[in-house]
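Worksheet for the structure shown next.
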Amino acid sequence: MGVALFWSAGQIDWWPARASIIVMLAWITATFIIIFRFNPNLLAERLGPRKGAKHWDTVIVSILGLMQLVRYIVAGLDQRYGWTGGFPLAAQIAALTVCILGYTLVVWATASNTFFSQIVRIQSERGHTVSTGGPYHYVRHPAYAGAILYELAVPVLLASWWALIASGLNVILLILRTTLENRSLQGELTGYIEFARQVRHRLLPGIW
């Protein structure tokens, strides 16, 4: 991420890029602490063989990773060549706040879900059950909601409307992944249909 941003921008004295990297590092650190201290079995799930992974999920995650890299390169080139032009500092600071809130929601979901894997699969060998605590009390896919907030905010933080195109595609992919995952869980995870009846909204409380 740092190489993509600073290399394409041709400079390292770029505070929005540094801020976005700090947010990412904070998310990684918080996730590690939560998993290592409170749910070490989830660490084994994330590092071990990924049996039962959905083919469509592998495709979506691969495209997401690629488009995230493209976004940072485009934002760096925008910074270097000034494609977007002037950008309000207040908007960048507000976007930084949204980035932090987005990943805070992801961390909260991780802490609330013992089965928070990076891939879509039913962890039957671990006694997979439905998670209903924390943010799952309000929406069925809170981590995706947090990720979407970050995707929409980080191009504004980096002052690049062009980077927003890549982020927009990522938002579409995240919504698609949410839809497909929701369908898989209802068909394969015991108790999820009842959970879906109780928590009706997927990403936005009271809306959708």
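Each reported figure results from applying straightforward, stated rules to the coordinates on display, with no laboratory input. On a predicted model such as this, the values are computed, not experimentally measured, just so you know. No Cβ is skipped: glycine too gets one built from the backbone with ideal geometry, and neighbour counts run over all protein chains shown.
Using the Cα gyration tensor of the chain, with a ≥ b ≥ c the square roots of its eigenvalues, what is the shape: rounded (a/c below 1.5), prolate (a/b larger than b/c) or oblate (neither)? Walk me through the numbers on the way to the answer.
Details: a/c = 2.01, a/b = 1.84, b/c = 1.09.
Prolate shape, in that a/c is at least 1.5 and a/b is the bigger ratio.
Given contacts defined as C-alpha pairs under 8 Å and at least six residues apart, what's the relative contact order of segment 41-134, whole-number percent?
Contact order relative to length: 47 percent.
In degrees, nearest 10, range 0 to 90: what is the angle between the Cα axis of helix 15-38 and the longest Cα principal axis of the chain?
20 degrees
Any idea how far apart S62 and A44 come out in nm if each label point goes 7 Å out from Cα toward Cβ?
3.0 nm
Could you work out how far apart the two model spin labels at R183 and V3 are, taking each label as a point 7 Å from the Cα in the direction of the beta carbon, and quote it in nm?
Taking the simple label geometry, R183 and V3 are separated by 3.7 nm.
In debye, nearest 20: dipole of segment 144-208 around its Cα centre with unit charges on the Cβ of K, R (+) and D, E (-)?
Charge dipole of segment 144-208: 140 debye, to the nearest 20.
Using only Cα atoms, tell me the angle between helix 89-112 and the longest principal axis of the chain; keep it within 0 to 90° and round to the nearest 10.
So the inclination is approximately 20 degrees.
Rank-order 121-129, 156-164 by packing density, defined as the average count of other C-beta atoms within 10 Å over each peptide's residues, highest first.
Order by mean packing, descending: 156-164, 121-129.
Could you tell me which residue out of A163, G10, L64 lies farthest along the dipole of the chain toward its positive end? Charges go on the beta carbon: Lys and Arg +1, Asp and Glu -1, centred on the Cα centre.
Going by the charge dipole, the pick is L64.
With the contact rule set at Cα under 8 Å and sequence spacing of 6 or more, what percent relative contact order holds for the chain?
Relative contact order for the chain comes out at 27 percent.
Order by neighbour count: Y192, Y150, Y72, fewest other Cβ atoms within 10 Å first, most last.
Fewest-to-most ranking of Y192, Y150, Y72: Y192, Y150, Y72.
Given 0.36 nm per residue, what is the gain on full extension from E125 to W161 after removing their alpha carbon distance, in nm?
Taking 0.36 nm per residue and subtracting the Cα distance, the gain is 8.5 nm.
Using only alpha carbon pairs under 8 Å that are at least six residues apart, calculate the relative contact order of segment 121-178 and give it in whole percent.
Value for segment 121-178: 30 percent.
Rounding to the nearest 20 debye, state how big the charge dipole of segment 1-124 is about its Cα centre with +1 on each Lys and Arg Cβ and -1 on each Asp and Glu Cβ.
The calculation lands at about 360 debye.
Using helices alone, what [θ] at 222 nm do you get for the chain, with -39,500 (n - 2.57) per DSSP H run of 4 or more residues, divided over all residues and rounded to the nearest 500? Intermediate results must be reported in sequence, preceding the final value.
On the way: 8 runs with 142 residues, N = 208.
Estimated from H runs of four or more residues: -23000 deg cm²/dmol.
Measuring from centroid to centroid over Cα atoms, what is the spacing of segment 45-103 and segment 126-144 in Å?
23 Å
Mind giving me the FRET efficiency for A94 and R197? R0 is 41 Å, r the Cβ-Cβ distance, nearest 0.05 is fine.
Rounded to the nearest 0.05, the efficiency is 0.65.
Using the Cα centre as the reference, give the magnitude of the dipole from point charges on the C-beta atoms of the chain (Lys, Arg: +1; Asp, Glu: -1; all else neutral), rounded to the nearest 20 debye.
340 debye
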